[in-house]
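What follows is a set of notes on a single structure, which appears directly below.
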Amino acid sequence: MSEKDPKTSQDLTVVVQSLLQQMQDKFQTMSEQIIGRIDEMSMRIDDLEKNISDLMTQAGVADLEEDIKVRETSGTA
C-alpha cells in the first residue's frame, strides 16, 4: 500500500466524507448556475414578448385583432 492509501476504517470514512462534501459543493454550484441561467432566460423571454407586442402595435395588428373581436361579438362579421 502507498502512503496515501487509507489504512483504517476511520481513514476510509474521512476520505469518503471528503469526497461526498466535494460532490455536494459541486452540485450546489451547478444548481446555482442552472437557476441563474433559467432566470436570465425568463427575462429574455419577457423582453421578447414585450418587443413582439410593441411590433404588433406598430404594425396595427393589435388593432385588427380588436376589430375582429368586436365584429364577432356584435354579429357583423
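Ligands, DNA and RNA excluded, the heavy atoms of M43 present near 120 Å² of accessible surface to a 1.4 Å solvent probe.
Site pair M41 and V14 shows an inter-label distance of 4.3 nm when each label is modelled 7 Å from Cα along Cα→Cβ.
The values are calculated or read from the model by the stated rules, or taken from the named source; none is laboratory data. Bear in mind that the values here come from a model prediction, so they are computed numbers and not experimental data. Every residue, glycine among them, receives a Cβ derived from its backbone with ideal geometry; neighbour counts consider all protein chains shown. Note: accessible area is taken over every heavy atom of the protein model, side chains too, but ligands, DNA and RNA are not part of it. Shrake-Rupley method; radii C 1.70, N 1.55, O 1.52, S 1.80 Å.
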